[in-house]
Amino acid sequence: MLGTTFQVTADEYKDIFNVRLAPYLPAHLAKVEPNPSGRGITYTFKPFTGREPRPEEPRRYFDDPKLCYRHQDREAGRPEADEAEYDLREKACHFLSEVYTQARIEWRNAAHITDLKATVKNTGDLYKQYVQAKTAVDAAFAYLRDPDAAKEWPAAVSRLIDTHDALKTAAKTFDDRAQEIAEVHEKHLHEYGYGDDEALKIAGFPEGKDWPIASTYDYGRNYRGEYGSQTLSGQAQALIREQEEHVAKVGRLTGIPTT
């Protein structure tokens, strides 16, 4: 029985990968070689897209006399393997499991990238539109403190309201896309997966690290009908409420009508 660590000779390595496992290795496997560190095996695969069937060990290998358990020898009427042969079979099965585990990791990560490419699309433009809308709000609100604003107060406030409406639309449009991206990240989350920013960079969107993408559970309105503070819609909602309260207070204290 193999322990948690074991050694493989050069001859065993050739026997395992060139003979015993040759019929069962993943189709995308391009190269197998000992790790330069001297510990373990390095597997190199042709690029996956993630649209291929999930790599799975072929079940038929259990019946292979070069890979099967001792009791299967007996059941098939063959002489039972000696300890050395059985250890070699165990090593081969270990590597078969290992190579398919690595194949699944790369397949899942490829699917992550493929799904992002199909989802991201014009997200960069949507974020720029939000930034422009936010800049317009800031400018319209800042103008209310300009002495000239007093001469046209109702019109200045009306223009601010217009920028609020544009900001809400831009924030919601971005958030809808951001939620889709967050769902892709969550779908492909696993121990050896890419980080969110890393995946976006690999997919061809390095600027994605600057996009405010929240967690999937942050999107949508809560029971009070409000958006979460982690989303742009929530931030826009809070900003608009703050500015509306300020304008209303100015109106109460100065008696300046806003309509």
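Here is a check on your reading of the model: is LYS117 within 26 Å of GLY228 (Cα to Cα) and either without any contact (Cβ under 8 Å) to a residue 24 or more places away in the chain or not small (Gly, Ala, Ser) (or both)? Considered against the rule, which asks whether it is within 26 Å of GLY228 (Cα to Cα) and either without any contact (Cβ under 8 Å) to a residue 24 or more places away in the chain or not small (Gly, Ala, Ser) (or both), LYS117 comes out as no. Within the range 211-243, the residues that satisfy the criterion of being part of a helix (DSSP H, G or I) and either at positive phi or in contact (Cβ under 8 Å) with a residue 40 or more places away in the chain (or both) are LEU232, SER233, GLN235, ALA236, GLN237, LEU239, ILE240, GLN243. For the range 217-251, the set of residues classified as of a type in the set (Ser, Thr, Tyr) and surrounded by 17 or more Cβ atoms within 10 Å (Cβ to Cβ) consists of TYR219, TYR227, THR231, SER233, listed by residue number. Only residues that are among the aromatic types (Phe, Trp, Tyr) and either over 26 Å from the mean Cα position of the chain (by Cα) or assigned to a loop (DSSP other than H, G, I, E, B) (or both) were counted in the range 28-60, giving 1.
Only residues that are at pLDDT below 80 and surrounded by 10 or more Cβ atoms within 10 Å (Cβ to Cβ) were counted in the range 71-80, giving 6.
Give the residue that is modelled with the lowest pLDDT, with candidates limited to residues of the range 1-27 that are hydrophobic (A, V, I, L, M, F, W, C) and assigned to a loop (DSSP other than H, G, I, E, B).
Among them, the one singled out is MET1.
Answer yes or no as to whether ALA199 is in contact with a Gly (Cβ under 9 Å, 6 or more places away or on another chain), outside the structural domain of ARG108 (by TED's automatic domain parsing) and assigned to a helix (DSSP H, G or I). Yes.
I need the full set of residues from the range 104-125 which are surrounded by fewer than 19 Cβ atoms within 10 Å (Cβ to Cβ) and hydrophobic (A, V, I, L, M, F, W, C), in order please. Matches in the range 104-125: ILE105, ALA118.
Any residue in the range 83-103 that is more than 30 Å from ASP175 (Cα to Cα), aliphatic (A, V, I, L, M), surrounded by fewer than 17 Cβ atoms within 10 Å (Cβ to Cβ) and not assigned by TED's automatic domain parsing to the domain that holds THR169?
yes
The values are calculated or read from the model by the stated rules, or taken from the named source; none is laboratory data. Remember, predicted model here, so these are calculated numbers, not experimental data. Ideal geometry is used to build each Cβ from the backbone, glycine not excepted, and the neighbour counts take in all protein chains shown.
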